[in-house]
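The values are calculated or read from the model by the stated rules, or taken from the named source; none is laboratory data. Bear in mind that the values here come from a model prediction, so they are computed numbers and not experimental data. Using ideal geometry, Cβ is built from the backbone for each residue, glycine included, and neighbour counts are taken over all protein chains shown.
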Amino acid sequence: MIKRSLARALPALALLSLVLAAPACKKPAEGGSDAPGGDGASSGQVKSDEVMLRYKADAAAKLRESGRLEVRLSGPQSGSMIADVAGNIELSQGGDGKLKVAYAVDEVREITLSGVFEPKPKEGEAPKDPKEELLKAKGAKLVDLRGETDEAGTKALAENKKPEGEGDMTGGLGDILGLPELPEVGLKLGQAVKREVEKQEDLGGLKIPMDEESTYTLVKIDDSSGKRLAEVKIEKEGSGATELPQGGGLLSVDQLAEIVLVFNLDDQLPVSMHVEQTSNFAFGSQGGGETRVVIDATFSPV
């Protein structure tokens, strides 16, 4: 998110890459498997008693998102980050069954950075106000109907062409302002569905193979508001390791995360998301540490 401060410390960079991937339900890599209850997910068939969460292909909607991120990093490189922001999201057709999700921040209620996250200007460079920089954050993503980002398509969007020299602090905020990724499997009320996948996590250019087990549970469908609101609990457990460049030793990561997503089945739009994640990591000779992350986001039609 705060790219300059992250560039100074690999642990912080890896942390944020994993943090912003926490709500994701990535496609399984080759060799991934479904536990019982996930039948039909890979074939695209949905059973009559299953609920499949998807965004509309012809979506044209405007949402107001309010999001708060708290990160606390302990270890040889410690620090904390609190970002409480709000902004608008506009959905439109992106072609080839994709959605374009444009976002713009227009309110920063709090931005607090300490330790490794605190930006330090280059020599001779005037310090920049983090709040003012975050208020510049805008851009767009190209996503599929699960909300998974098309990286190449996103990079090519005109909205993401930044003027040379624009503040670095705006760079990753779009990973918070945007649509949550949805489970790839059909869900039955009250029945847990497990997925085991092998994937590559990109930590700012450093690839780390991760083994991840996810458990999805459709907790309830509440129609008291006149709309069917599905509450889904997602539990994730993952681990991975890779060699750091230039003989830096072994990078290893162990994660536990719990996500609660509320999704409007009638409008096919998100309502809220809560994420709690703990990561334990070791960075070769740099030592190890722990991170605690809490993300809260709410979405309302504009």
Would you confirm whether or not the range 242-252 contains a residue that is β-branched (Val, Ile, Thr), modelled with pLDDT under 95 and crowded, with 21+ Cβ neighbours inside 10 Å? no
Residue, surrounded by the fewest Cβ atoms within 10 Å (Cβ to Cβ), within the range 105-125, restricted to residues that are touching a residue at least 60 places away in the same chain (Cβ under 8 Å) and part of a strand (DSSP E or B): Leu113
Taking the range 126-152 as the search range and keeping residues that are in contact with a Phe, Trp or Tyr (Cβ under 9 Å, 6 or more places away or on another chain) and in a strand (DSSP E or B), which one is farthest from Gly79 (Cα to Cα)? Val143
Please count how many residues of the range 56-96 are out of contact with any helix residue (DSSP H, G or I) (no Cβ under 9 Å at 6 or more places or on another chain) and not in a strand (DSSP E or B). 6
Output the residues belonging to the range 253-302 that are outside any strand (DSSP E or B) and at pLDDT below 95. Gly284, Ser285, Gln286, Gly287, Val302
Gly205 fails exactly one of (1) buried (at least 17 other Cβ atoms within 10 Å of the Cβ); (2) modelled with pLDDT under 85; (3) small (Gly, Ala, Ser), namely (1)
Which ones in the range 101-151 are farther than 30 Å from Gln286 by Cα and basic (Lys, Arg)? Arg109, Lys131, Lys136, Lys138, Lys141, Arg146
Taking Gly226, is it modelled with pLDDT of 95 or more, at positive phi and surrounded by fewer than 20 Cβ atoms within 10 Å (Cβ to Cβ)? yes
Sort through Val197, Val293 and tell me the only one that's under 29 Å from Lys56 (Cβ atoms) and in contact with an Asp or Glu (Cβ under 8 Å, 6 or more places away or on another chain). Val197
Do you know which of the residues in the range 56-72 that are over 17 Å from the mean Cα position of the chain (by Cα) and among the small types (Gly, Ala, Ser) is modelled with the highest pLDDT? Ala61
Based on what the data block shows, is Leu99 crowded, with 19+ Cβ neighbours inside 10 Å, at pLDDT 60 or above, assigned to a loop (DSSP other than H, G, I, E, B) and in contact with a Leu (Cβ under 6 Å, 6 or more places away or on another chain)? no
What single numbered condition from (1) part of a loop (DSSP other than H, G, I, E, B); (2) touching a strand residue (DSSP E or B) at 6+ places or on another chain (Cβ under 8 Å) fails to hold for Lys220? (1)
